[in-house]
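> Take a look at the following structure, please.
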Amino acid sequence: MTTLEQGQTVQIKRPTSRFMLAHPAHILAQGFGSGLSRIMPGTVGTLFGWLSFYVLSTRWPLLFTPQVWLAIIVVGFFIGIWACEITGRDLGIADHGSMVWDEIIAIWLVLVLVMPASFTYQCWAFVLFRFFDMVKPPPIRQLERRYKGGFGVMWDDIMAAFYTLLVLALWRMI
């Protein structure tokens, strides 16, 4: 049970693999199963994003160039709006914790913009991104409240990626 801002109580579905496989939007929004983790699904989804970025970029570097990654991220953002809208509706909460496609797209954005980077630098990028995604400093929290549905789900993580990239850029300057 969860209490909403208006004082209403609703039953939030606990997603299962059966739920995820019931619709292509669910598969994508739940990060191909990474969002079904019982412990810290957002962090697990981000780790999945990092691992998939690493594997694809190192296994097929001529195919997964920075330009191709940026195109994938842009398309993935818009498809993510659709997938998160449907999945949130079907789960009964707009930004359910199991929906991690937003984290995946955002960490891909961070990683492609810091390429090439050492493993340690990527670890810091991961930690900073998770920090900003969880803390939601201004104006992220305000944007999250203003924009609902799939766009809101996707946009707040892009803002967390922006903060991450800003801190990393300042770090490089120092």
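Quick note: the coordinates plus some simple rules give every number you see, no bench work behind them. This is a predicted model, so every value here is computed, not measured. Positions of Cβ are generated from backbone atoms using ideal geometry, with glycine treated the same way; all protein chains shown enter the neighbour counts.
> Would you mind calculating the relative contact order of the chain from Cα pairs under 8 angstrom and at least 6 residues apart, reporting the percent as a whole number?
In percent, rounded to a whole number, it is 25.
> Hey, what angle do you get for helix 101-113 against the long axis of the chain, alpha-carbon based, 0 to 90 degrees rounded to 10?
Once rounded, the angle reads 10 degrees.
> Moving to a separate point now. With +1 assigned to the C-beta of every Lys and Arg and -1 to the C-beta of every Asp and Glu, and no other charges, what is the dipole magnitude of the chain about the Cα centre in debye, to the nearest 20?
On the way: 13 positive and 10 negative charges, 40 e Å.
My answer is approximately 200 debye.
> Along the three principal axes, how long is the stretch 16-94 when you take its alpha carbons, biggest first, rounded to the nearest angstrom?
Its Cα atoms span 41, 26, 18 Å along the three principal axes.
> Run the simple label-point estimate for residue 60 and residue 75 please: 7 Å along Cα→C-beta, distance reported in nm.
For the pair residue 60/residue 75, the computed spacing is 1.1 nm.
> If you line up the long axis of helix 119-135 against the longest principal axis of the chain, both from Cα atoms, how many degrees apart are they, to the nearest 10?
Computed tilt is about 30 degrees.
> Could you run the Karplus curve 6.51 cos²θ - 1.76 cosθ + 1.60 with θ = phi - 60° over the stretch 163-168 and give me ³J(HN,Hα) per residue in whole Hz, x for Gly and Pro?
Ordered by residue, 3J(HN,Hα) equals 4, 4, 5, 5, 5, 5 Hz.
> Dividing the alpha-carbon Rg of the chain by 2.2 N^0.38 Å yields what? List each step's numbers first, then the result.
Values: Rg = 16.1 Å, N = 174, 2.2 N^0.38 = 15.6 Å.
Taking N as the residue count of the chain, the ratio is 1.03.
> For the chain, modelled as a GNM with alpha-carbon contacts under 10 angstrom, which of 112, 135, 153 fluctuates the most?
Highest fluctuation among the options: 135.
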